[in-house]
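Peer 1: Structure incoming, see below.
The values are calculated or read from the model by the stated rules, or taken from the named source; none is laboratory data. All values derive from a computational prediction rather than experimental measurement. Please note: Cβ atoms are built from the backbone with ideal geometry, for glycine as well, and neighbour counts cover all protein chains shown. Only protein heavy atoms, including side chains, enter the accessible area calculation; ligands, DNA and RNA are left aside. Shrake-Rupley method; radii C 1.70, N 1.55, O 1.52, S 1.80 Å.
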Amino acid sequence: MKHLFRKTRLVILLLILTAGELYSQTQFIYERSEPPTMQMMLDAREVFEYEVRYGFLTLGWVDVELLPDTTWNGKKAYHMRTRIRSNRRIPFVGTRIVDYQNIFQFNDKWPYSFVFWRDDVHDEEYNSVRAVFDREEDEVRFFEHGEAVDTLSLEEPASGGDIIFYYSRLYAGEPGAYRMPVYIEGEKGTVTATSRTETRRREYDAFDEPVETYLSEGHADVDGPFGFNGNFKSWFSADDLRIPVEAHVKVIFGNVKVRLISYERHAE
């Protein structure tokens with residue numbers, strides 16, 4: 001079961017990844033007929049909580065939020081944190097808390113990372129794995145516990161895995177496919193997906209009423225410690241921000257489901 005929990009990390013990132021007025025859970029804006037811009041999503045200062053289930057078992061939970069803005073090499077940047085919390089009641093797993101941190105910016109085409117790292121909070125091992133995106137040298141450098149381990153060529157929009165949480169929303173409900181290179185723990189993979197344009201109502205604990213959703217189907221060609229490589233499905237709300245509400249991924253024993261259970265907007 002501990003191995004199975006590790007398998008869910010990538011699909012979580014695929015969904016996946018503050019002060020001001022708090023929006024009601026049921027307040028949606030349907031006036032926009034096209035996907036949101038990056039600025040719209042970042043200005044919303046959303047906070048997400050997802051439940052991760054395998055059959056009748058709750059494997060854990062995922063929290064995604066923007067932390068206060070920062071700088072990277074003198075440039076303004078955004079700080080995204082994706083926290084994975086295991087269910088301590090699952091045998092042989094115990095309490096595990098893993099943070100994925102991403103410092104990123106965006107242009108008129110896509111979001112892109114400056115640096116992406118992992119903190120194994122439960123073991124008090126911080127910055128255990130790190131990827132630095134060097135656009136002057138067109139390379140991505142990987143580090144483990146501060147030691148350089150590998151270097152790969154940089155392909156735009158080069159990012160850590162959790163930036164797909166924003167990137168996929170730019171295409172939700174739109175015809176055509178998207179492709180995104182993903183750099184995770186010493187390896188480069190590719191995520192591709194296509195969204196359907198029709199909508200279907202689905203129910204989520206995060207909202208008081210059923211919401212219209214777009215379905216997206218894709219393939220993640222990513223190997224490594226996440227233990228996942230294959231097809232996935234994801235759903236996005238058909239409102240102004242195309243909220244990621246659900247994802248399914250096949251693993252060796254069946255399907256892992258990630259569903260939104262809490263959602264807030266903290267507009268600036």
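Peer 1: So for segment 160-176 (the condition being in a strand (DSSP E or B), modelled with pLDDT of 90 or more and either of a type in the set (S, T, N, Q) or open to solvent by 30 Å² or more (accessible area, probe 1.4 Å) (or both)), does at least one residue qualify? Reasoning before the result, please.
Peer 2: Filtering segment 160-176 down to residues in a strand (DSSP E or B) leaves none.
No; the residues of segment 160-176 include none that is in a strand (DSSP E or B), modelled with pLDDT of 90 or more and either of a type in the set (S, T, N, Q) or open to solvent by 30 Å² or more (accessible area, probe 1.4 Å) (or both).
Peer 1: Return the only residue of THR70, THR8 being at pLDDT 90 or above, farther than 19 Å from GLU264 by Cβ and not basic (Lys, Arg).
Peer 2: Numbers: THR8 fails: at pLDDT 90 or above.
None of the others qualify; the one that does is THR70.
Peer 1: Same structure, new question: For segment 220-247, name all the residues that are within 17 Å of THR192 (Cβ to Cβ), open to solvent by 40 Å² or more (accessible area, probe 1.4 Å) and modelled with pLDDT under 90.
Peer 2: Of everything in segment 220-247, those that are within 17 Å of THR192 (Cβ to Cβ), open to solvent by 40 Å² or more (accessible area, probe 1.4 Å) and modelled with pLDDT under 90 turn out to be ASP221, ASP223, ASN229, ASN231.
Peer 1: What strands (runs of 3 or more DSSP E) completely inside segment 32-110 contain at least 3 residues that are open to solvent by 20 Å² or more (accessible area, probe 1.4 Å) and among the charged types (D, E, K, R)?
Peer 2: Values: elements: 46-54, 57-72, 75-86, 97-106.
Ranges flagged: 46-54, 57-72, 75-86.
Peer 1: Which numbered condition trips up TYR183, out of (1) open to solvent by 70 Å² or more (accessible area, probe 1.4 Å); (2) at pLDDT below 95; (3) of a type outside the set (A, V, I, L, M)?
Peer 2: All conditions pass for TYR183, except number (1).
Peer 1: Further question: Among residues belonging to segment 139-159 that are at pLDDT 95 or above and touching a Ser or Thr at 6+ places or on another chain (Cβ under 6 Å), point out the one that is surrounded by the most Cβ atoms within 10 Å (Cβ to Cβ).
Peer 2: Among those residues, the one meeting the criterion is ARG141.
Peer 1: Determine, yes or no, whether PHE133 is aromatic (Phe, Trp, Tyr), in contact with a Lys or Arg (Cβ under 7 Å, 6 or more places away or on another chain) and over 22 Å from MET40 (Cα atoms).
Peer 2: Working: aromatic (Phe, Trp, Tyr): yes; in contact with a Lys or Arg (Cβ under 7 Å, 6 or more places away or on another chain): no; over 22 Å from MET40 (Cα atoms): yes.
Judged against the criteria, PHE133 is not a match.
Peer 1: Can I ask one more? May I ask you to say which residue of ILE97, ILE84, ILE103 is among the β-branched types (Val, Ile, Thr) and at pLDDT 95 or above? Write out each step before concluding.
Peer 2: Numbers: ILE97 fails: at pLDDT 95 or above; ILE84 fails: at pLDDT 95 or above.
Just a single option satisfies the conditions, and that option is ILE103.
Peer 1: Still on this structure, I have one more. Hey, does segment 47-63 have a residue that's among the aliphatic types (A, V, I, L, M) and farther than 30 Å from PHE236 by Cα?
Peer 2: Restricting attention to segment 47-63, the residues satisfying the condition of being among the aliphatic types (A, V, I, L, M) are 47, 52, 57, 59, 62.
Those left that are additionally farther than 30 Å from PHE236 by Cα: none.
No, every residue in segment 47-63 fails to be among the aliphatic types (A, V, I, L, M) and farther than 30 Å from PHE236 by Cα.
Peer 1: Just to verify a result, which residue in segment 111-138, among those that are acidic (Asp, Glu) and closer than 21 Å to LYS76 by Cα, is most open to solvent (accessible area, probe 1.4 Å)? Explain how you work it out, then say what you get.
Peer 2: Initial filter on segment 111-138 (acidic (Asp, Glu)): 119-120, 123-125, 134, 136-138.
Right, trim to closer than 21 Å to LYS76 by Cα and you get 134, 136-138.
Details: ASP134: 31, GLU136: 172, GLU137: 116, ASP138: 92 Å².
Among residues in segment 111-138 that are acidic (Asp, Glu) and closer than 21 Å to LYS76 by Cα, the one most open to solvent (accessible area, probe 1.4 Å) is GLU136.
Peer 1: In addition: Find all pairs meeting these conditions: Cβ atoms under 8 angstrom apart; at least six residues apart or on different chains; first residue within segment 69-81 and closer than 10 Å to PHE104 by Cα; second residue open to solvent by 80 Å² or more (accessible area, probe 1.4 Å) and of a type in the set (Val, Ile, Thr).
Peer 2: ALA77/THR71
Peer 1: How many of the residues in segment 188-213 are open to solvent by less than 30 Å² (accessible area, probe 1.4 Å) and closer than 18 Å to GLU34 by Cα?
Peer 2: 4
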